[in-house]
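Just so it is clear, none of the values below were taken in a lab; they were calculated from the coordinates. Given the structure is predicted, the values throughout are model-derived calculations rather than measurements. All Cβ positions, even for glycine, are placed from backbone atoms using ideal geometry, and neighbour counts span all protein chains on display.
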2 protein chains.
Amino acid sequence: MSTTNGSASERTIYLGAFAHCTSQQEVEICEAGAIGVDLDGKIAFIERDIRDIPSYQLRERKDGWEKAKVVQIQDQGFFFPGFIESSFTDLEKARRIYARVVNRTLSHGTTTACYYATVHVEATNLLSDICLSKGQRAFVGRVCMDQLSPDYYRDESAESAIEATEACIAHVAKIDPKHHFITPIITPRFAPSCSEACLSALGKLAHKTGLPIQTHISENKSEIQLVAEMFPNNSSYTDVYDKAGLLNSKTILAHAVHLSPEERATIRSRDAKISHCPASNTALTSGAAPVRTLLDEGLTVGLGTDVSGGYSPSILEEARQAVLVSRHVAMADGDAAKLSTEEALWLATRGGAKVVGLENRVGGFEVGMDWDAQMISLDVVSEDGEMDDADTKGPVDVFMWESWPDRLNKWFYGGDDRNTAAVWIKGRLVHTTHKYKD
Amino acid sequence: MSTTNGSASERTIYLGAFAHCTSQQEVEICEAGAIGVDLDGKIAFIERDIRDIPSYQLRERKDGWEKAKVVQIQDQGFFFPGFIESSFTDLEKARRIYARVVNRTLSHGTTTACYYATVHVEATNLLSDICLSKGQRAFVGRVCMDQLSPDYYRDESAESAIEATEACIAHVAKIDPKHHFITPIITPRFAPSCSEACLSALGKLAHKTGLPIQTHISENKSEIQLVAEMFPNNSSYTDVYDKAGLLNSKTILAHAVHLSPEERATIRSRDAKISHCPASNTALTSGAAPVRTLLDEGLTVGLGTDVSGGYSPSILEEARQAVLVSRHVAMADGDAAKLSTEEALWLATRGGAKVVGLENRVGGFEVGMDWDAQMISLDVVSEDGEMDDADTKGPVDVFMWESWPDRLNKWFYGGDDRNTAAVWIKGRLVHTTHKYKD
């Protein structure tokens, strides 16, 4: 069973080890925990060090939790917050692709995603429908572009781009008026494919609606040169968005590889957010984003993907790539540039939550936050080292002599979707594998 | 069933698409092929473009193949040569680990591996036994190190290092005298952990036995500095091995990140081989090896892994990392440094075969070569995009509108061990998954 849309119909206690980021540098690993999740999908209590307490006692000592359901880690794994990602690749217009993208991202533990959809209104709305029906928290953007694109994939004018965006906003207002799961996001593709009129109109729309904004910035040097030529009256790529009213605390900027110190200062002063896309930046030889510099300067950074012609559904892989890219930055600029495992996991959870403005609701395990979580399952190597069903066991080998931090590291460096046994969003079970036994 | 050690007891025709590297830049993709493998595990014939010929007709038109077994690609996949890799991480001394390492590498399609075992003779011999019993083609090295190491993990003297190495050679002479599967490999850990006496004695042993040699070279700058201090009479790191008689056409040098032009010229003149370890070089911030320069200068390059405290069992992942590292080299040195998908696959197959001196027997599909192959399985996305059993389907989504080169690329960039449905070495089926139906 791939997806299950049952709501959080009963109070549930999640029992076993859990791990989450408590600061940019620290992961808390609780070996024997209990997290109570209420009917509204919110975390009601967190108990640590309950190793010697049977679950029935635990239930009895919490008023109203006597009959709570218990979901227990069944092997050498742990609960971890769901990943939060931005996906900056235009998606082709097809139900089959949309359904697969959402299924894939869920299966990799992504509980919140920002999507670039397409220029087509109906297809964008279809993606919103699919996310809602599968229970994924999503920001869905209708891509706007009125120049530098082929006729069949372009807005005729700034006006039509706004109309189409408003139509998508209206659709979400109909299917999820309070944005419990789906939020429209204003999406100028990137400066070169939008006229100044289009950018300004989108800026006004953002101001009027208070909706978030996503776009690309400073991905590679030739693009920066192009922007300089196309927008001679602006002082920088950042200035193009700023002057158009597109740079505010709800703006998500993808890539940000080659920003000048002045641009970074502007972005910081507007409290706009950065989505780091290391796999794309390396694959396309765009450059190595100076994430340490961005973080040190106080910018908010999360992780994103942008793979033309496909999609990379794993934010765990993207977090690994963030570490690897930081090593290449360090080869040139010194060891301070290196990101640790903990920092990469922070980017994938708490950082991503801040990028989408949901840091008080998701990205960690705190009382009052939503239960957006994945159950990580790690298999123990058999005594003789043999593998009966290698392809269903998952890639991480635990021998049981590893410390908990080592175990977390093994998952970080070697894990994949096979280790994500189950995924919950707002307390609802949205993805399971054969490893999850209800 | 994870491993099957049946010998190639019947003539077999492998039917369906196959792909292999035909030059450093080119992959041949044959959409409808047939490869006949004889009782000795060697390729007897290759037919291309047999789309409209039923298999019974194919069998009948080959003398003696009328009753041949037929193994057919059962989905949208293809046959691909097994990977050839060097693994430069000391392995802990434990049957459970050895068995798992060999199982894991087989499950990822590695048909030939060079292993660093450990200083312990019995454990090294155990690894040879396990490789032989599982049918993996392996070069097994007893690690020699008589200085700069803790007492419990060190040779007492150059003499004892030689004695121990000879004991391991003798063991292989007993279990596989003709080196059909297992070949001992002389393994000085790396220059800093070996005395000059030890290196020279190993050089003499290599000369006497004609056995191959593996060691590390020029992995990072501090190590190069250390070698310069420890070996003041040698002109370079390369010169240390050269003067010790350890640099010849059967020498495999791991890393080679920071070689000088003079060192590269010496290595080339000795026809010694390079094993590129991109994942390790990045993870440890060692540097980015200039693979394009190595190749352009005529050096032979394959792929290797060297992950302290663990092992990376996927050479497909290592090939991807080779592409990504080449992108970082290109960011500094220009686009010529970029490796293509085809070149990375070449390194993983033909290049690796040349590194271990088996280029006439493995690494591609040619008449007279051994059938060391993997069946790559790619699942087609269902019409509604849903996934019933995501974790067993594998990570590559084929929609059936992809061209064959696109399909190969999807596997290269997104595939993992779930896509390796079955593996053969010398015509023997050594690994299968639930996707392989005999």
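Between the beta carbons of A:TYR152 and B:PHE399, assuming R0 = 22 Å, the FRET efficiency works out to 0.65 to the nearest 0.05. Checking the a/c ratio against 1.5 first, then a/b against b/c, what shape does the Cα gyration tensor give for segment B:83-355? Oblate.
Listed by Cβ neighbour count within 10 Å, with the fewest neighbours leading, A:GLU262, A:GLU318 appear as A:GLU262, A:GLU318. Site pair A:LYS208 and A:ASP406 shows an inter-label distance of 6.1 nm when each label is modelled 7 Å from Cα along Cα→Cβ.
Sorted from shortest to longest, the distances between the A:PHE399 label points of this copy and the other copies are 4.5 nm, with each point 7 Å from Cα along the line through the beta carbon. When the charge dipole of the protein assembly as shown is built from unit charges on Cβ atoms (+1 for Lys and Arg, -1 for Asp and Glu) and taken about the Cα centre, the candidate among B:VAL380, B:VAL102, B:PHE190 whose Cα reaches farthest toward its positive end is B:VAL380. Relative contact order of segment A:15-144, taken over Cα pairs closer than 8 Å and 6 or more residues apart, is 19 percent. Where only DSSP H runs of four or more residues are counted, the protein assembly as shown gives -10000 deg cm²/dmol as its mean residue ellipticity at 222 nm, each run worth -39500 (n - 2.57). Across identical copies of the chain, A:ARG61 has label-point separations of 7.9 nm, listed in ascending order, with the point defined 7 angstrom from Cα along Cα→Cβ.
Could you calculate the FRET efficiency of B:GLN25 with B:ASN360 from 1/(1 + (r/R0)^6), where r is the beta carbon distance between them and R0 is 22 Å, rounded to 0.05?
0.60
Any idea how far the Cα center of segment A:256-309 sits from the one of segment A:316-351, in Å? Computed from Cα coordinates, the inter-centre distance equals 12 Å. Between A:ALA197 and B:GLU122, the modelled labels are 8.4 nm apart [label points 7 Å from Cα along Cα→Cβ]. If you take the Cα centroid of segment B:364-416 and the Cα centroid of segment A:406-438, the two points sit 24 Å apart. Between the C-alpha center of segment B:187-240 and that of segment A:44-120 there is a gap of 51 Å. Overall, the protein assembly as shown carries a charge dipole of about 720 debye about its Cα centre when +1 sits on the Cβ of Lys and Arg and -1 on the Cβ of Asp and Glu, all other atoms neutral.
Charge tally around A:GLU47: other residues with Cβ under 10 Å, Lys/Arg +1 each, Asp/Glu -1 each, net +2. How tilted is helix B:315-333 with respect to the longest principal axis of chain B? Cα atoms for both, answer in degrees (0 to 90, nearest 10). Approximately 60 degrees, to the nearest 10.
On the beta carbon distance between A:GLU163 and B:GLU163, with R0 = 60 Å, the FRET formula returns roughly 0.10.
Take B:LYS208, move 7 Å from Cα toward the beta carbon, and the resulting point lies 8.9 nm from the same point in each other copy, nearest first. Compared with the dominant Cα axis of chain A, that is its longest principal axis, helix A:196-209 is turned about 50°.
Pairs from the list A:LYS273/A:LYS437; A:LYS354/A:LYS410; A:LYS393/B:LYS338; B:LYS221/B:LYS273 with a Cα-Cα gap above 31 Å: A:LYS273/A:LYS437; A:LYS393/B:LYS338. Mean sequence separation of contacting Cα pairs (under 8 Å, at least six apart), scaled by the length of chain B, corresponds to a relative contact order of 21 percent. Specify the angular offset, from 0 to 90 degrees and rounded to the nearest 10, of the alpha carbon long axis of helix B:95-107 from the longest principal axis of the alpha carbons in chain B. In chain B, helix B:95-107 runs at an angle near 50 degrees to the longest axis. Each other residue within a Cβ distance under 12 Å of A:ILE13 adds +1 if Lys or Arg and -1 if Asp or Glu, for a net charge of +1. Report note on the peptides A:71-80, B:184-193: ranked by the mean count of other C-beta atoms within 10 Å, highest first, their order is B:184-193, A:71-80.
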